[in-house]
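The numbers here are math on the coordinates, done by the rules we state, and not lab data. Treat the numbers as computed from the prediction; the structure is a model and nothing was measured. With ideal geometry, Cβ positions are generated from the backbone for all residues, glycine too; neighbour counts draw on all protein chains shown.
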Amino acid sequence: MLKVEQHGPVVKFLSARTILGRAFYHTAAYCVDGLLIDTGCAHAAPELLRSLDSLPVAQIVNTHSHEDHIGANGPLQRERGATIWAHALALPILADPKLQHLQLYRRFFWGWPEPSQASPVGEWLETRQYRFQVIHTPGHSPDHICLHEPEQGWLFSGDAYIGGRDRAARPDYDMYQIIDSLKKLAALPLTRIFPASGTVRDNPVAGIQRKIDHLEELGAEVHRLHDMGLDVAAIKRRLFRTESHITYLTHGHFRASHLIRSYLRGKTPPRVSR
């Protein structure tokens, strides 16, 4: 499934695999002035290429190397000759996507990307009309970057910012880095955010700050309960009671205990913003 929406000069491509007519795990790519930001999942790559027939794609930048963001890199590079940029840490995985282990649900929902050859992105990325600041935002993954267009106030945030209240995490998430990265984003002059979830929002700083507050408060509570002598299982029961639906869909790859352990790997709780 692929849906195309226009947001001013930015074109959004929202893809997902459907099961019995229901779409799961949407992921968005954005095209602006010949720059494609992420390329969706491998299952949707043929649809994306057809949808891009009328648009120039001279450059691709990947916000990070997860398979739902690099799925059409290979076909686009082969058929359109696009230059691909990414954080230096992402380059080996783009060249050989099978360097990262994909659990069954990831192979099912998004598929294996084809290899692609990328170059390390610099501090700025330019198109004919726009100039994007490249901001390293680790936490979701070590190689995660966001793109900020200061004149327009745009932020292409990848998976660094997703709204909602966290109830689960992958085992490799670093919650302290996620909070620090969000603080970088909240300090920017933003008018519109284009996240990987596809939910484009205007004036997003207040929403980002709410996310920071939630994560800091959650981390402080995890540490408080741990200092009282509660183990991870007891903290999970106190804070979440039951697992979220994503735990079952991912066969436990996302779970509350991973979220709690990420906080406890830090020596001190995060400072709560006021």
So, over other residues within a Cβ distance under 13 Å of residue 205, counting Lys, Arg +1 and Asp, Glu -1, the net charge is +4
For the chain, set up a GNM with springs between Cα atoms under 10 Å and report which of 215, 14, 55 has the largest fluctuation. 55
Lys and Arg at +1, Asp and Glu at -1: neighbours of residue 38 with Cβ under 12 Å from its Cβ sum to -2
Take the range 154-274, drop everything but the C-alpha atoms, weight them equally and run the Debye formula without solvent; then report log10 I(q)/I(0) at 0.11, 0.23 Å⁻¹ to two decimals. -0.38, -1.34
Least to most buried among 1, 228, by other C-beta atoms within 10 Å and fewest first, runs 228, 1
Summing +1 for each Lys or Arg and -1 for each Asp or Glu, what net charge is found among the other residues whose Cβ lies under 15 Å from the Cβ of residue 190? +3
Read-out Kirkwood radius over Cα pairs in Å, derived from the coordinates shown; its label in [x] 18.7; [y] 17.7; [z] 19.2: [z]
Could you give the dipole magnitude of the range 2-209 about its Cα centre, charging the beta-carbon of Lys and Arg +1 and that of Asp and Glu -1, in debye to the nearest 20? 520 debye
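Mind running the shape call on the range 18-112? Use the C-alpha gyration tensor, a ≥ b ≥ c as the square roots of the eigenvalues: rounded below 1.5 for a/c, prolate if a/b tops b/c, oblate otherwise.
Values: a/c = 1.99, a/b = 1.17, b/c = 1.70.
Note, shape of the range 18-112 comes out oblate.
For the range 194-261, what number results from the quotient of the Cα radius of gyration and 2.2 N^0.38 Å?
1.35
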Inter-part distance where the range 99-127 and the range 9-54 are each reduced to a Cα centre, Å: 14 Å
Quick query: amide H of residue 114 versus all other amide H atoms, modeled in the peptide plane; which residues come in under 5 Å with a sequence gap of 5 or more or a different chain? 74
In terms of the alpha carbon gyration tensor, root eigenvalues a ≥ b ≥ c, rounded if a/c is under 1.5 and otherwise prolate when a/b exceeds b/c or oblate, the range 114-189 is oblate
